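K.L.:
Quick one: structure below, then a few questions.
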Amino acid sequence: MTEQPYPSLEGIGEDRAALCIVSPAYAGRAGELNAILQYVFQAVVLGETGHAEAGRELMRIAREEMHHLEVLATLICKLGAPPIYANCPLYPVGFYSAGAVDRSRELPRMLEIDLAGERMAVAQYGRMICSLQNERVSAVLQRILLDEEEHIRILKELIAAL
């Protein structure tokens, strides 16, 4: 959705401090994996309940979140850990659970929850960027942050159209 290219991940090496900061965005309760599962669930439900256009828009956001998941998985590998679905892959505890996926079925409620989630993602990425000492990793998160801000704009438009 945002046309700005992502920074290259080539040459990023092991950095345990950055790894611990970045990992929750991958598979934490408010991470990209959770966002993907929630948007896909919502898109399918909306497609079956007469809100196909909103469902298509949420599926487009889900695809972008999938790209974020791929970027973060690659980044985690470069930082020195396998991209397992846990809060911090260095310490394989806190495995991801789909229990955090919201299962609301009404369009207005879905969009409000999604908007809150995107706002949380923006705040989370902002905190991570401020905490990072690794400028290359920070640049990657700044690029993802642009997409998250765009998702907020899209969700606000969908809410305004109700």
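K.L.:
Checking residue 134 against (1) at pLDDT below 95; (2) crowded, with 16+ Cβ neighbours inside 10 Å: exactly one of these is not met. Which one?
P.N.:
In the conditions (1) at pLDDT below 95; (2) crowded, with 16+ Cβ neighbours inside 10 Å, residue 134 misses (1) alone.
K.L.:
Could we say that residue 42 is in contact with a helix residue (DSSP H, G or I) (Cβ under 9 Å, 6 or more places away or on another chain) and either assigned to a helix (DSSP H, G or I) or without any contact (Cβ under 8 Å) to a residue 60 or more places away in the chain (or both) here?
P.N.:
Against the criterion (in contact with a helix residue (DSSP H, G or I) (Cβ under 9 Å, 6 or more places away or on another chain) and either assigned to a helix (DSSP H, G or I) or without any contact (Cβ under 8 Å) to a residue 60 or more places away in the chain (or both)), residue 42 qualifies.
K.L.:
Residues in region 81-111 that are modelled with pLDDT under 85 and among the hydroxyl-bearing types (Ser, Thr, Tyr): how many?
P.N.:
1
K.L.:
Could you say whether any residue in region 91-105 is among the aromatic types (Phe, Trp, Tyr), in contact (Cβ under 8 Å) with a residue 12 or more places away in the chain, crowded, with 16+ Cβ neighbours inside 10 Å and in a helix (DSSP H, G or I)?
P.N.:
No, region 91-105 contains no residue that is among the aromatic types (Phe, Trp, Tyr), in contact (Cβ under 8 Å) with a residue 12 or more places away in the chain, crowded, with 16+ Cβ neighbours inside 10 Å and in a helix (DSSP H, G or I).
K.L.:
Still on this structure, I have one more. Among the residues of region 120-162, what is the count of those that are basic (Lys, Arg) and under 24 Å from residue 73 (Cβ atoms)?
P.N.:
3
Here's the yes/no breakdown for (1) surrounded by 15 or more Cβ atoms within 10 Å (Cβ to Cβ); (2) touching a residue at least 12 places away in the same chain (Cβ under 8 Å):
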{"site": "111", "(1), (2)": "yes, yes"}
{"site": "125", "(1), (2)": "yes, yes"}
{"site": "128", "(1), (2)": "yes, yes"}
{"site": "143", "(1), (2)": "yes, yes"}
{"site": "150", "(1), (2)": "yes, yes"}
{"site": "153", "(1), (2)": "no, no"}
{"site": "156", "(1), (2)": "no, yes"}
{"site": "161", "(1), (2)": "no, no"}
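The values are calculated or read from the model by the stated rules, or taken from the named source; none is laboratory data. Small disclaimer: the values here were computed from a predicted structure and weren't measured. Cβ sites come from the backbone with ideal geometry, for glycine too, and all protein chains shown count toward neighbours.
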